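What follows is a single structure, written as structure tokens, with notes after it.
The values are calculated or read from the model by the stated rules, or taken from the named source; none is laboratory data. Values in this document were obtained by computation on a predicted structure and should not be read as measured data. Cβ placement follows ideal geometry from the backbone for every residue including glycine, while neighbour counts extend to all protein chains displayed. We work out accessible area using only protein heavy atoms, side chains counted, and drop any ligands, DNA or RNA first. Shrake-Rupley method; radii C 1.70, N 1.55, O 1.52, S 1.80 Å.
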Amino acid sequence: MTRLSVNINKIATLRNSRGGNNPDLVQVAQDCERFGAQGITVHPRPDERHIRYQDVFDLKKIVTTEFNIEGNCQEQKFIDLVLANKPEQVTLVPDALGQITSNHGWDTITHQQYLKEMIKVFKDEGIRVSIFVDPVAEMVEAAASTGTDRIELYTEAYAHRYHQNKEAAIAPYINAAKVAQKVGLGINAGHDLDLQNLKYFAENIHGLDEVSIGHALVCDALYYGLENTIQMYLRQLAIG
């Protein structure tokens, strides 16, 4: 069964908008786990506009499911943060400085040697590594040579095209997943997955280990409540 990791960046954004500690990020993370989430994801950025670096240390103390830290390994501060906290998983994302949200995967051919070196840094500390990739067969195949344990399929293109032609939208992801399984990579996915498109994605991507969902889930929680929303997303993943 595919695991649900809740990205709590947007909770941190809400907290930071007024200062103080409301909502309490640590409490929200604990509640997400209590409500059924099988992981907690954070994506700290250098300007700390949502997740603060101290948040990562605070969360590491209390997360009892899988802790997944996403970020740009081209920033030494990020590398140091991950190594200091040793999460179960680090997801490497090729963000530019100041980028609002992630919008592309790694070029695993051009950056092959760099990724090999960075992935080894984390794996030597016992941290599972996933790297953000687009659903392109060549990029997935080359990812296997970097030493990564998993890939995270960047699903914005799927979500954008889903309501126009879901069969066409899912096709490159099915192919990418087949390549990943062939070369022995685990498969994660994330970005713009929601209650409308998640079930179809999970049904068609065989071997999908984990999805990381934040923005849509937090928006839905405004209407349905956090506990109910997490259960609704888990039901979308309960395939078969």
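When you scan segment 197-234, how many residues do you find that are of a type outside the set (A, V, I, L, M, F, W, C) and not in a helix (DSSP H, G or I)? Number satisfying all stated conditions: 8.
Against the condition among the aliphatic types (A, V, I, L, M), closer than 22 Å to residue 229 by Cα and buried (at least 18 other Cβ atoms within 10 Å of the Cβ), how does residue 185 come out, does it pass? It is false that residue 185 is among the aliphatic types (A, V, I, L, M), closer than 22 Å to residue 229 by Cα and buried (at least 18 other Cβ atoms within 10 Å of the Cβ). Looking across segment 19-52, just one residue is in contact with a Leu (Cβ under 6 Å, 6 or more places away or on another chain), open to solvent by less than 20 Å² (accessible area, probe 1.4 Å) and in a loop (DSSP other than H, G, I, E, B), and that is 37. Looking at 169, 157, just one residue is at pLDDT 95 or above, over 18 Å from the mean Cα position of the chain (by Cα) and aliphatic (A, V, I, L, M), and that residue is 169.
In segment 75-88, the residues that are without any contact (Cβ under 8 Å) to a residue 40 or more places away in the chain form Cβ pairs under 7 Å with partners that are open to solvent by 60 Å² or more (accessible area, probe 1.4 Å) and of a type outside the set (D, E, K, R), at six or more places apart or across chains, as follows: 85/57. Within segment 106-123, residues that are open to solvent by 40 Å² or more (accessible area, probe 1.4 Å) sit with their Cβ atoms under 6 Å from residues that are β-branched (Val, Ile, Thr), at 6+ positions apart or across chains, in these pairs: 116/146; 123/129.
Taking residue 16 as the residue in question, decide whether it is assigned to a loop (DSSP other than H, G, I, E, B) and modelled with pLDDT of 95 or more. Answer is no for this residue. Restricting attention to segment 222-240, the residues that are at pLDDT 95 or above and surrounded by fewer than 19 Cβ atoms within 10 Å (Cβ to Cβ) total 10. For residue 95, are the conditions met, namely being surrounded by fewer than 18 Cβ atoms within 10 Å (Cβ to Cβ), touching a residue at least 12 places away in the same chain (Cβ under 8 Å) and within 24 Å of residue 193 (Cα to Cα)? For residue 95, the condition - surrounded by fewer than 18 Cβ atoms within 10 Å (Cβ to Cβ), touching a residue at least 12 places away in the same chain (Cβ under 8 Å) and within 24 Å of residue 193 (Cα to Cα) - is not met.
Of the residues in segment 66-76, not one is open to solvent by less than 60 Å² (accessible area, probe 1.4 Å), aromatic (Phe, Trp, Tyr) and more than 23 Å from residue 194 (Cα to Cα).
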